[in-house]
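The structure appears right after this line, and notes come after that.
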Amino acid sequence: MAKNAHNKDLQVAHPETSHAHGEHHPELGFWRKYVFSTDHKIIGLQYGFTALFFLLFGFTLVMIMRWQLAYPGEAIPLIGWLFSEESMPGGVMLPEFYNQLGAMHGTIMVFLGVVPLAVGAFGNYVVPLQIGAPDMAFPKLNMASYWAYFLGGVVMLSSFFVPAGAAKAGWTSYPPLANIETMGQTMWLLGMVFLITSSLLGAINFLTTIIQLRAEGLTFMRFPFFVWAQLITSFLLLLAFPPLEAAAILQLMDRLAGTSFFMPGGLVVSGQVMDISGGGSPLLWQHLFWFLAHPEVYVLILPAMGIVAEIIANNTRKPLWGYKAMVYSVIFLGFMSFIVWAHHMFITGMGTAISAFFQITTMIISIPSVIILSALFLSLWGGSIRFTTPMLFALGFLPMFGIGGLTGLPLGLAPTDIHLHDTYYVIGHFHYVVAPGTILALFAGIYYWYPKITGRSMNDLLGKIHFWGTIICMNFIFMPMFIQGLAGVSRRLYDGGQLYQFAQPVLKWNEVMSIAAWIMGLVQIVFIVNLFMSIRKGKKVSDNPWEATTLEWSATSSPPLAHGNFETMPQVYRGPYEYSVPGNSRDFAPQNEPEEKVSAA
Amino acid sequence: MSDSTHAEDVKKHVRIYIAVFGALAALTVVTVAVAYLHLSIVPALIVALFIASIKGSLVAAYFMHLISEKKVIFALLIFTVIFLAVLFVLTISSYHDQIGGHIVP
Amino acid sequence: MDIPYTVTARPDTGVYNAKVGIWLFLASEVMLFGGLFSAYIFLRIGAPAWPGMLGGQLYKTSFDILNVPIGTFNTMVLIASSVTIVMSWASLMMNDFGKYKRYMGLTILCGLAFLVVKAFEYNAKFSHGLFPAEGNFLAIYFTLTGLHGLHVVGGIIVNSYFWGPGSKMWKTDPKRFTNRIEVAGLYWHFVDIVWIFLFPTIYLL
Amino acid sequence: MPDISPYLGLPEVASAHGAELDYMLGLVHWLMLILFVIWAPFFIYVLIRFRASKNPRASYTGAKGRLAKIQEGGVIIAELVLLFAFAIPAWAVLKVQPPDENEAVVVRVTGEQFAWNIHYPGADGAFGKQDIKLVDTQTNPLGIDFNDPGAMDDLVTVNELHLPAGKPAIIHLGSKDVIHSFALNAMRVKQDAIPGISVPVYFTPTKPGNYEISCAQLCGLGHYRMRGKLVIHTPEEYRNWLQKMAQDLEEYGR
Ligand code: HEA
Ligand code: HEA
Ligand code: CUA
Ligand SMILES: [Cu+2]
């Protein structure tokens, strides 16, 4: 983060100086240092800010949608005039535009918001520090990964401006709809190719870094849980994304070269027989898509669990309960996540054998989640709990993820999924895991590692306002979705279900949910102010303000740029969470302090 | 290959490379020859994939020297193989376990 | 502090960074081509005939539409290039830079030859009006061989760099350069393996 | 376990299998409720009891006892029961073993952007031939060949599905263009309509009345208004309705 000292370089920077080949730490110019940087911390921050921007953008899209859901057909106040006549004539949203907003909200939140923040930003900034590495194993690849992500984002954003607008076929982009929709769909595919490339490069880098650059003495079972989470996450990205890339290539061929990979013959669209060879299958896309997208949802949750585990250990001042069980669970979870994907496809017409297989694996995969969550709950027992801002967010994560996870169970049983599939119950289920779940955990991480990044802490009062405002609003937004879903209201409805008789009793919730969403939008302003203000105005703190044990806290705050991080390669002596060790006077024993020093302290 | 590889070993390897090349060329000829027999699809598939697997394994084992590779690499690859098999088997078996009928116009 | 294990192997894992990296990359490539192959099988088992009706003509076997001798020739070319690239690495291990240059040059030539042959094959199809949109056989054929061809192009670019400007590193850091060639070789072999599977499944079955 | 499904706010159930499905839904929510009731009070209690001001020094060993193991064992057992006693057998019955066509009312439903086309075989029980070349959005959305003898008495309605109560209905579901999802909430029926695949959907309506068909899968800009009526008649009314439709056909032609 821009420490004052760096601002000097900002003025005297000349790109040419970057070509100097100094022996040690060549002085890099502004461009090489902050824009095309190869330092994992700068790249992490680039990822972080870009991802936060996209989160805010994706949230804005949904706030606009929520107006239409609460007050269908009414002109949008204040900002209605901003939009073109093709999307909002007279400020009233058209269904085409609603579908664009929905598809782009899902895509942006998942691929441009949460994953880049959880993996790109936190992973990049924290993992090398936590394992005592000077940088990522392949710094240039790291830079390429960020810029591929950036380009993917640009392509996605610009798709709003192509004729007939952005993608409209949902974040799942199911053909044949996705094949016959307008040009935005092609842009979506191109954007996805960039994003997939970015994630693959990132995954290769993380895995190599964690395997090869661990500090002396840092065995796998001494990893902080966050590192484990990132390790498994990278595996998921590495092996699950390519089939979607394959599918994206095939869909591009369908759209651009007129092939029929996903198109059966004999289609009649608006009265016209389609001129295609046929012979393809729409279900093929679904298999390839969900082969990625189920592991992807664990990509959304594992880093969040990692962050929460770090913060809970630190703020209860005791080791995590059942660390080993958690590690085995997360490995098992990663493995299983590859063989449950078709639980998203029960209603496509699966036979007994295949549906039984996927129901069983889906139930099995819930067990490691139960173990991890129980371990985190039990970790609180016997602690000396400090209710710091990051801790509040981490604690908020636990029941929220619990609710989200539990509501996954009726979806995972095929017969009960009959009633719930593609209703707001599903929307409620996964938002509980990704929004009050993952998003809270990501906020927790920001508050927790901010002092490491800037040397200052964020304002506590504002943080607490942010926490309570967010968690209360989140529940008002997402809890009513279960009610609507159980009543049978379909998702992706432009008017929220106005036309349906059976939906009438639960429609009143739409207004409640929307108002809660807008209030939550206002609450985020507190966060944004806090985030930027604290860079300059935040309280200056020591290198280890939380009195934590993991390696990142032994580096100076704002760890030095240009392949450094640590003065010397750290040596690790013990497990990650040696808090309140009996017999020690201090209640924490950093991983890198030799025994003599710890007991003397 | 690890640091301990010496020029002597390499010379030995070179002979192996030539032998492997011979095997690959011969197997290619065999696949093509078998294909001209126009067996019915199942045996043809088995033969073709069997030979292709042998060829692929030869390349991986000797040219990519997997045969003397370190444990980490295997640990990484084993999952790839499992998930690849999963992708094939489940996707394809779900085609057969579909309620209702595929319409072929 | 420099990044450790770029040149030498990490003692406990026994490998250097780039080797882990390239194998991970190849793992993802396996899944990429695996996804495409599974699409191929999925579509083929659903097809009433294969290759079937293409451009108004019924083809009973792939022999009728693809040129097997040419495909066989190209297979041989790629296999040969796999040998030459591994020889180029072995030459570096034996400290013979001149031989390295020759073998790497041969590898690049083989790659180019493969592409030229492929271009003629494509052209023959196009001139008969056989485009990807005609039917799934052609769609699969062009997509899979096209993507494989792009991998060949990528490999040629990398190999040419190491043959030309990139080979300067031999003077300054021979160990690292040798590693680079090993990694480039691993990629090239993988491209070869993909073709070893593509050729029989598309041309011969 | 007592049935808690009445408290879930489900739409009124009007099909033979619906109650069983609701009961299952109730059971899963029982499981959720029990887990919630274990952990939520635990959570609050722990936060109060172990706050730093009250408990300044943490315990290195932390929680003892077997709560976690018992809970995990319980979840596993509950899931096994749900799977093998309910879900897997129920699926086979609900989706894969359609009743005999001779005992049932057989209808074809074809989704299109954005309507449900309903095709009755008429008195002869045979569906007329279809040909996509004959499709006309206005007059013949299904492309039925009305010169085919089987098609003479076929009835076609749009967005209106009439069925008799008490008799199994088999619906052959398909789609002309994109994926739709045929959802009959009151019947606890949902099935994706996928182009290129014809899927039999079956259920036995029990309560006469007016219900709705909704489309659950995003299918384009009109997805939200792809609504149909589902009318369940008494057997008698159903016969009358069929007769009236046949008469209309004779009087006014197509
Ligand atoms: C981070 C994301 C995430 C996570 C972690 C999960 C976790 C799970 N999901 Fe979810 N899911 C999604 C994201 C996620 N899901 C998304 C995005 C979709 C929709 C995509 C779309 O269609 O657009 C979806 C859809 C979805 C479906 C398809 C529904 C349909 O379309 O019909 C199914 C079906 O099986 C399912 C099941 C599950 C299951 C069984 C889990 C399990 O892993 C959960 C296990 C967890 C637990 C069992 C909790 C344990 C709780 C306790 C121990 C105690 C709790 C205590 C308190 C509450 C105090 N999910
Ligand atoms: C990670 C995934 C994710 C996240 C976090 C969210 C977050 C939210 N989602 Fe989203 N949603 C999806 C993924 C996600 N969603 C997906 C996949 C779909 C399905 C799409 C489809 O149908 O195809 C969907 C659909 C969906 C719908 C249904 C639309 C429909 O079916 O018609 C709704 C309706 O209310 C909704 C609402 C919300 C709301 C109110 C939030 C809120 O929780 C948002 C909270 C956001 C924040 C709190 C942002 C905070 C950011 C900042 C404060 C930034 C600070 C900035 C700087 C410093 C620069 N979402
Ligand atoms: Cu049809 Cu939605
Ligand atoms: Cu899933």
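Only Lys, Arg, Asp and Glu carry charge here, each on its Cβ (+1 for the first two, -1 for the last two); on that basis the protein assembly as shown has a dipole of about 3720 debye about its Cα centre. Work out the mean other chain Cβ neighbour count within 10 Å for the residues of D:86-99 and drop it here as an integer. What the average comes to for D:86-99 is 6. Charged neighbours of D:ALA165, selected by a Cβ distance under 11 Å, balance to 0 (K, R count +1; D, E count -1). Residue by residue along A:362-369, Cβ atoms of other protein chains within 10 Å of the local Cβ number 3 on average.
When peptides A:180-187, A:245-252 are ranked by their average number of other Cβ atoms within 10 Å per residue, the highest-first order is A:245-252, A:180-187. Applying 1/(1 + (r/R0)^6) with r as the Cβ-Cβ distance of D:ALA92 and D:TYR23 and R0 = 22 angstrom yields a FRET efficiency of 0.80.
Among beta bridges from DSSP that stay inside the protein assembly as shown, the antiparallel ones total about 75%. Rounded, prolate or oblate: which fits the protein assembly as shown, taking a ≥ b ≥ c as square roots of the Cα gyration tensor eigenvalues, rounded meaning a/c under 1.5, else prolate when a/b beats b/c? Taking the square roots of the gyration eigenvalues as a ≥ b ≥ c, the protein assembly as shown is oblate.
Qualifying trypsin sites (Lys or Arg not before Pro) in region C:40-124, where qualification requires a DSSP coil assignment and no more than 14 other C-beta atoms within 10 Å, comprise C:LYS60. For region D:5-96, the spread of Cα coordinates along the three principal axes comes to 61, 26, 14 Å, biggest extent given first. Put in line by how crowded their Cβ is, counting other Cβ atoms within 10 Å and starting with the fewest, C:GLU182, A:GLU216, A:GLU596 read A:GLU596, A:GLU216, C:GLU182. Distances between placed amide hydrogens fall under 5 Å for A:MET350 paired with B:ILE99, all partners being 5 or more residues away or on another chain. Taking the fewest neighbouring Cβ atoms within 10 Å as the starting point, the ordered list for C:THR84, C:THR172, D:THR137, A:THR316 is C:THR172, D:THR137, C:THR84, A:THR316.
Here, chain C is characterised by an Rg to Rh ratio of 1.06, where Rg is the alpha-carbon radius of gyration and Rh the Kirkwood radius. Relative to the longest principal axis of the Cα atoms of chain C, the long axis of helix C:97-127 lies at roughly 20 degrees.
Couplings 3J(HN,Hα) for region A:154-160, derived from phi with the Karplus relation 6.51 cos²θ - 1.76 cosθ + 1.60 (θ = phi - 60°), are 4, 4, 4, 5, 5, 5, 5 Hz, where x marks Gly and Pro. Count Lys and Arg as plus one, Asp and Glu as minus one, and take only other residues whose Cβ is under 9 Å from that of D:GLY228; the net charge is then 0. Legend: mean number of C-beta atoms from other chains within 10 angstrom of residue C-beta atoms, peptide A:308-320, equals 2. May I ask for the angle, rounded to the nearest 10°, between helix A:323-336 and the longest principal axis of chain A, with both axes built from Cα atoms and the value confined to 0 to 90°? Approximately 30 degrees, to the nearest ten. Quick one: helix A:389-406 against the long Cα principal axis of chain A, what's the angle to the nearest 10°, folded into 0 to 90? The helix A:389-406 is inclined about 40 degrees to chain A. In units of the rule-of-thumb radius 2.2 N^0.38 Å, region B:2-94 shows an alpha carbon radius of gyration of 1.40. Among D:LEU47, D:LEU142, D:LEU25, the residue with the largest mean-square fluctuation in a Gaussian network model of chain D, with springs joining Cα atoms closer than 10 Å, is D:LEU47. Connecting C-alpha atoms closer than 10 Å in a GNM of chain D, tell me which of D:THR139, D:THR234, D:THR61 has the biggest fluctuation. Of D:THR139, D:THR234, D:THR61, the most mobile in the Gaussian network model is D:THR61. Taking the average, over residues, of other Cβ atoms within 10 Å as the packing measure, peptides A:469-479, A:128-138, A:188-198 rank A:128-138, A:188-198, A:469-479 from highest down. Legend: ranking of residues D:ARG51, D:ARG66 from fewest to most surrounding C-beta atoms inside 10 Å; resulting order D:ARG66, D:ARG51.
Values in this text are rule-based calculations from the coordinates and carry no lab data. Predicted, not measured: the structure shown is a model, and the values here were computed from it. Every residue, glycine among them, receives a Cβ derived from its backbone with ideal geometry; neighbour counts consider all protein chains shown.
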